[in-house]
Amino acid sequence: MNYLSGKHVLLGITGGIAAYKAAELVRLLRNADAGVRVIMTAGAREFITPLTLQALSGNPVHTDLLDSTAEAAMGHIELARWADVLLVAPATADSLARLVHGRADDLLTAVCLACEAPRAVAPAMNRAMWDNPATRDNISTLAARGLHVLGPATGEQACGETGPGRMLEPQALVDQLSGLFRTGRLAGRRVVVTAGPTREAIDPVRYISNRSSGRMGFAVARAAAEAGADVTLVSGPVALETPPGLQRVDVTSAADMHAAVMQRAPDSDIFIAVAAVADYRPQASATQKIRKSEATMELLLERNPDILADVAALSGAPFTVGFAAETEALPESAKNKRIAKGIDMIAANLVGEGLGFEVDENALHVIWDGGERELPCTGKTRLAVQLVELIADRYDSRQTQDKVTPINAKDTA
Ligand code: CTP
């Protein structure tokens with residue numbers, strides 16, 4: 001499975017002879033349908049021109065930390081946030097040493113320091129430099145900090161020697177990068193996710209709906225599938241492609257969504273309600289188009305079923321996660337909403353004025369019984385991966401609790 005489709009790959013190129021292979025790497029990443037942005041160090045630009053990488057990536061190449069125009073367009077923090085994964089390839093011995101020391105005196109090192117997405121390095125250097133204890137220590141330090149070390153390969157080197165230190169071939173790097181998203185955290189779990197808006201018919205040509213694009217729900221469903229879950233995505237009307245490796249059920253109204261979910265929820269382990277379900281629907285939907293007549297008209301609305309609350313109320317309910325879209329004061333109302341709906345976890349986000357709906361970035365405040373965590377502003381894909389990790393943690397701990405409960409119950413009996 002290609003996990004890179006739709007992902008943002010930030011590629012840092014440093015000054016080694018293998019830099020010329022970065023052109024092929026970018027081409028393969030684009031073929032895998034990843035969005036690619038490139039950062040080049042001054043050394044890298046001695047080996048290959050930014051123009052080549054710009055043409056292949058389809059984006060301007062980033063080179064300078066202190067270029068005020070570049071910073072205004074997309075500065076080091078924006079680049080770090082944009083990334084779903086950061087790869088330094090080739091990573092020279094010097095660049096590894098600089099990463100170990102947390103240097104931030106050029107764009108690439110500053111971005112590496114600011115980036116909270118998974119980071120990987122593809123070392124490329126002479127075999128003696130690779131074998132040197134200084135480099136070995138640097139690699140161990142970076143690996144211990146959670147950086148993924150891809151390669152190096154062994155073979156003939158540009159300097160004429162043979163041994164370990166060749167950069168992995170571009171295709172191998174793409175495969176390994178894709179594999180970083182396959183966490184297996186939800187392997188074997190059945191997950192149902194709702195996404196998008198619902199449409200509540202007024203008559204055959206009109207409806208009530210909202211501005212949800214479905215992007216967050218689709219990102220969550222995709223992250224769950226990548227974590228190994230068997231995912232059913234119940235989606236309202238959206239203009240989004242189905243992410244790979246999951247089953248999609250299209251619905252229109254809240255009542256349709258309710259029926260589709262209630263059919264599947266009893267057999268699921270986790271239910272994540274991301275959809276912006278209309279709270280009300282017209283009490284009667286006209287069978288013919290309503291003609292204009294009076295200066296004003298009244299539309300009588302009635303409550304829709306609350307899908308999330310109904311799933312949470314099932315006996316043997318799955319682990320339930322809700323979303324709360326708030327236009328003000330987040331945590332308190334979200335905490336109350338979690339308790340009122342009887343759900344395990346709630347992810348609250350601010351909406352309105354460029355936040356939440358129809359934008360690529362978001363931030364979440366996630367609350368569960370006895371804990372909470374802020375997931376800072378980042379791309380929705382990355383945010384969804386972080387949320388799914390958190391859900392997997394809480395789900396696991398609930399499973400553990402459930403196992404110990406009968407023993408406690410017996411003890412107190
Ligand atoms: N939800 C649902 N079915 C509904 C309404 C909401 O499953 N009929 C789910 C949403 O998918 C979301 C959560 O419940 O996970 C949102 O709860 P809701 O009380 O609708 O939140 P807000 O719309 O933010 O709250 P309010 O209407 O009180 O402002």
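The values are calculated or read from the model by the stated rules, or taken from the named source; none is laboratory data. Please read all numbers here as calculations on a predicted model, not as lab measurements. Cβ: placed from backbone, ideal geometry, glycine included. Neighbour counts: every protein chain shown. Accessible surface is based on the protein model in full, side chains and every heavy atom, while ligands, DNA and RNA are left aside. Shrake-Rupley method; radii C 1.70, N 1.55, O 1.52, S 1.80 Å.
Relative to its Kirkwood radius, the Cα radius of gyration of region 121-233 gives an Rg/Rh of 1.29. Ligands, DNA and RNA are left out, and with a 1.4 angstrom probe the accessible area of the chain is 47 Å² per residue.
Within the chain, the longest segment free of exposed loop sites, counting trypsin sites (Lys or Arg not before Pro) that fall outside DSSP classes H, G, I, E and B and have at most 14 other Cβ atoms within 10 Å, spans 1-144.
At a Förster distance of 60 Å, what's the computed FRET efficiency of residue 97 paired with residue 206, Cβ-Cβ distance as r, to 0.05? Don't jump to the answer; show the numbers that get you there.
Working: r = 64 Å, r/R0 = 1.07.
Once the sixth-power term is evaluated, E becomes 0.40.
The charge dipole of the chain, taken about its Cα centre with unit charges on the Cβ atoms of Lys, Arg (+1), Asp and Glu (-1) only, comes to about 600 debye.
For region 271-306, GluC sites (Glu not before Pro) are listed when DSSP marks them as loop and at most 16 other Cβ atoms sit within 10 Å of their Cβ; the list is 294, 298.
Compared with the dominant Cα axis of the chain, that is its longest principal axis, helix 380-412 is turned about 70°. Kirkwood hydrodynamic radius, the chain, all distinct C-alpha pairs: what's the number in Å? Computed over the chain, the radius equals 23.7 Å.
When 181, 47 are compared by accessible surface with a 1.4 Å probe, the order from highest to lowest is 47, 181.
Near residue 163, within a Cβ-to-Cβ distance under 15 Å, what is the net charge of the other residues, with Lys and Arg +1 and Asp and Glu -1? Spell out each step's value before the answer.
Values: positive: 127, 136, 166; negative: 131, 156, 161.
Summing Lys/Arg as +1 and Asp/Glu as -1 gives 0.
Proximity of backbone amide H atoms, modeled 1.01 Å from N, is registered between residue 249 and 233, 234, 235 at under 5 Å, excluding neighbours fewer than 5 places apart on the same chain. Taking one equal scatterer on every alpha-carbon of region 8-179, how large is log10 of I(q)/I(0) by Debye at q = 0.12, 0.16 1/Å? For region 8-179 at q = 0.12, 0.16 Å⁻¹, log10 I(q)/I(0) is -0.48, -0.88.
Taking the Cβ of residue 305 as the centre, find all other residues whose Cβ is under 15 Å away and add up their charges (Lys, Arg: +1; Asp, Glu: -1). Provide the component values of the computation, followed by the final result.
Working: positive: 281, 303, 341; negative: 200, 256, 279, 302, 306, 310.
Spelling it out: positives minus negatives among the neighbours equals -3.
Is it possible to state the helix-based mean residue ellipticity at 222 nm for the chain, with each DSSP H run of 4+ residues giving -39500 (n - 2.57), the sum divided by total residues, to the nearest 500 deg cm²/dmol? What is it? Each step should come with its number before you reach the end.
Numbers: 15 runs with 153 residues, N = 413.
Theoretical 222 nm ellipticity from helices: -11000 deg cm²/dmol.
Highest mobility in the GNM of the chain, judged by mean-square fluctuation with C-alpha springs under 10 Å and restricted to 14, 109, 162, is found for 162. If you bin all the Cα-Cα distances of region 102-158 at 5 Å, starting from zero, the percentages per bin are 4, 16, 23, 25, 19, 10, 3, 0.
Measure off 7 Å from each Cα along the Cα-to-Cβ vector at residue 363 and residue 49, then give the distance between these two points in nanometres to one decimal. Using points 7 Å along Cα→Cβ, the separation is 4.2 nm.
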